[in-house]
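Shown next, in structure tokens, is the structure this report addresses.
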Amino acid sequence: QSGSLATSFSIPSGVLAYNTTYYWRVDEIDGTGTTTGPVWSFKTERDPSVYFEDFEAGLGAWTITNNGGTCDWAIDLASAYSMPITSEGNVAAANSDGCGSGSTMNTTLSQISGVDLSMYSDAYLEFDSDFNDYLATDDGYVDISVDNGATWTNVLHYDGIDVRATHVNLDISTLAGGQSDVRVRFTYTAPGWDWWWAIDNVTIYGLTVVPVELTSFAAVTDNRNVTLNWSTATELNN
């Protein structure tokens, strides 16, 4: 801005990305040089098409199933674990050690509502994790369902190994790309009084928008001819 006083500045549409922190400042330039103003910042909202769970509101969006242990998944504090720096506040933890002497765990944390990724060909699952192993019989499983939880496919298995302070990024495109009901579940087994698995910032999102979303497609033969009939819900650059 030069000359008259500026009270606002419009940012062109499409310049800012979702869930991103931006910094700005004002530099005043005159005949004697440049005076730099203080640095300000703001963070844009999370993409509404992205599923995000930081457990700050508890476990109301999840179903907890006890498969035979004495303790289950519960809310705990990130400060009690070796979590990535992005994890703070509440976490979901299956903590056999915290349950006390003689505790065992075989517990599953399942997402109640599915995520609609039907518009995306690529799909990803991310979460912060602290898997503290004690025995070779301690296991952690991450499964994905695309059919309302009827069937599950394993995408990650921690098998008797330490995986501490980790941000996990899984490409689940072959399973979840183009699917309208994508869910994740976490299962922790510790048959002895062992350690724990803590998770936070569970994120499910899609990339690469499918240009055409079909609602129906049919082919009918007539002698040597084939008649195709279809309808679309959305079309992009097509």
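Kindly list, by first and then second residue, each pair from a residue in the range 8-20 that is open to solvent by 90 Å² or more (accessible area, probe 1.4 Å) to a residue that is among the acidic types (Asp, Glu), limited to pairs with Cβ atoms under 7 Å and residues at least 6 apart or on different chains.
From residues that are open to solvent by 90 Å² or more (accessible area, probe 1.4 Å), the pairs are 18/45; 18/47.
Has the range 4-19 got any residue that is closer than 30 Å to residue 202 by Cα, out of contact with any Lys or Arg (no Cβ under 8 Å at 6 or more places or on another chain) and part of a strand (DSSP E or B)?
no
Within the range 87-103, does at least one residue satisfy the condition of being in a strand (DSSP E or B), polar (S, T, N, Q) and at pLDDT below 95?
no
Return the residue satisfying two criteria in turn: it lies in the range 177-188 and is of a type in the set (D, E, K, R) and crowded, with 18+ Cβ neighbours inside 10 Å, and of such residues it is farthest from residue 206 (Cα to Cα).
Among them, the one singled out is 185.
For residues that are open to solvent by 20 Å² or more (accessible area, probe 1.4 Å) and part of a loop (DSSP other than H, G, I, E, B), tally how many sit in the range 155-176.
3
Take residue 199 and tell me if it is among the β-branched types (Val, Ile, Thr), open to solvent by less than 40 Å² (accessible area, probe 1.4 Å), closer than 19 Å to residue 59 by Cβ and part of a strand (DSSP E or B).
It is true that residue 199 is among the β-branched types (Val, Ile, Thr), open to solvent by less than 40 Å² (accessible area, probe 1.4 Å), closer than 19 Å to residue 59 by Cβ and part of a strand (DSSP E or B).
Have a look at 138, 143, 130, 147 and point out the one that is open to solvent by 20 Å² or more (accessible area, probe 1.4 Å) and of a type in the set (Asp, Glu).
Step by step, each of 138, 143, 130, 147 is checked, and only 147 is open to solvent by 20 Å² or more (accessible area, probe 1.4 Å) and of a type in the set (Asp, Glu).
Test each condition in (1) under 21 Å from residue 190 (Cβ atoms); (2) touching a residue at least 60 places away in the same chain (Cβ under 8 Å) for residue 47 and report the one that comes out false.
(1)
Regarding residue 82, is this residue modelled with pLDDT of 95 or more, open to solvent by less than 70 Å² (accessible area, probe 1.4 Å) and among the hydroxyl-bearing types (Ser, Thr, Tyr)? Let's see the steps before the verdict.
Details: modelled with pLDDT of 95 or more: yes; open to solvent by less than 70 Å² (accessible area, probe 1.4 Å): yes; among the hydroxyl-bearing types (Ser, Thr, Tyr): yes.
The answer is yes for residue 82.
Does residue 231 fit the bill of being closer than 30 Å to residue 67 by Cα, in contact with a Ser or Thr (Cβ under 6 Å, 6 or more places away or on another chain) and at pLDDT below 95?
The answer is no for residue 231.
Starting from the range 191-214, take each residue that is closer than 28 Å to residue 107 by Cα and list its partners that are among the β-branched types (Val, Ile, Thr) and open to solvent by 40 Å² or more (accessible area, probe 1.4 Å), counting only C-beta distances under 9 angstrom and pairs at least six apart or across chains.
What qualifies is 191/137; 192/137; 194/137; 200/86; 201/86.
Across the range 40-79, which residue is surrounded by the fewest Cβ atoms within 10 Å (Cβ to Cβ) among those that are of a type in the set (Gly, Ala, Ser) and within 20 Å of residue 107 (Cα to Cα)? Before you say what the answer is, go through the steps one by one.
Quick first cut of the range 40-79, residues of a type in the set (Gly, Ala, Ser) only: 41, 49, 57-58, 60-61, 68-69, 74, 78-79.
Still in the running and within 20 Å of residue 107 (Cα to Cα): 58, 60-61, 68-69, 74, 78.
Working: 58: 11, 60: 7, 61: 13, 68: 10, 69: 18, 74: 17, 78: 23.
Top of the filtered list is 60.
Which one is modelled with the lowest pLDDT among residues in the range 112-123 that are open to solvent by 50 Å² or more (accessible area, probe 1.4 Å) and closer than 23 Å to residue 54 by Cα? Spell out how you get there, then give the answer.
Of all residues in the range 112-123, those open to solvent by 50 Å² or more (accessible area, probe 1.4 Å) come to 112-113, 116, 119, 121.
With closer than 23 Å to residue 54 by Cα added as a condition, the list becomes 112-113, 116.
Working: 112: 97, 113: 95, 116: 92.
The extreme case among them is 116.
The values are calculated or read from the model by the stated rules, or taken from the named source; none is laboratory data. Predicted, not measured: the structure shown is a model, and the values here were computed from it. Note: ideal-geometry Cβ built from the backbone for every residue, glycine included; neighbour counts use all protein chains shown. Ligands, DNA and RNA are stripped out before the accessible areas are found, and what is left, the full protein with its side chains, is counted by its heavy atoms. Shrake-Rupley method; radii C 1.70, N 1.55, O 1.52, S 1.80 Å.
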